[in-house]
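Q: Dropping a structure here in structure tokens format, bear with me for questions.
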Amino acid sequence: MKPLPFPYPLNIGTDIVHLPRILRLITRPAKTTSSTSSSAQQQNLHRFVRRILCEQEQEDFRRRFGLQKHGEQSPIAVTTDMARWLAGRFAAKEAARKAAPGGAASIGWKDVCVRTDGEEGRVSSRPEVVYRGLDNRIGKLSISHDGEYVVATVLAAG
């Protein structure tokens, strides 16, 4: 019997992140000796947040961890909880990019936004991804944390 194509235009993407890798990225020492360790951590944290998260996610991050916009805040300590949250977003965005109709190379980090309960006045029991550059299409998202690993899977219409 000749194989039949799958009847639905669906794409799936999965990504796994090692939590210590994200923690190293946001807490690595400064390359220059003029910065203090705390200052370097803040710079690395803010650089990572600005590069990976869209504005809505940056606001959610600041609200969740009691932070203000970069440049307006007093010194903060980077925590494992921050790294775990960021690792979840990183894995979700990478999985969403893999599930995008054109593949990961066709979409940027900020073109994917992870939404969770309570955002934009909506009620949902599950997080989802919004493809901002693709008519705000929604992808189904599952994120799981276990020890030093975070895994995310996205199912999106092709």
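The values are calculated or read from the model by the stated rules, or taken from the named source; none is laboratory data. Keep in mind it's a predicted model, so treat the numbers as computed, not measured. All Cβ positions, glycine included, derive from the backbone under ideal geometry; neighbour counts span all protein chains shown.
Q: Given the condition at pLDDT 95 or above, under 26 Å from R21 (Cβ atoms) and surrounded by fewer than 12 Cβ atoms within 10 Å (Cβ to Cβ), answer yes or no: does some residue in segment 126-146 qualify?
A: Yes, segment 126-146 contains a residue that is at pLDDT 95 or above, under 26 Å from R21 (Cβ atoms) and surrounded by fewer than 12 Cβ atoms within 10 Å (Cβ to Cβ).
Q: Step by step: first the residues of segment 84-102, then only those that are within 19 Å of L19 (Cα to Cα) and surrounded by fewer than 24 Cβ atoms within 10 Å (Cβ to Cβ), then the one that is farthest from the chain's Cα centre (by Cα). Which residue is that?
A: This residue is R84.
Q: Are any residues in segment 1-28 of a type in the set (A, V, I, L, M), assigned to a strand (DSSP E or B) and under 14 Å from V150 (Cβ atoms), and if so, which ones?
A: Across segment 1-28, the qualifying residues are I16, V17.
Q: Moving to a separate point now. Quick one: A152 ticks every box in (1) surrounded by fewer than 17 Cβ atoms within 10 Å (Cβ to Cβ); (2) at pLDDT 95 or above bar one, so which box is it?
A: Every condition holds for A152 apart from (1).
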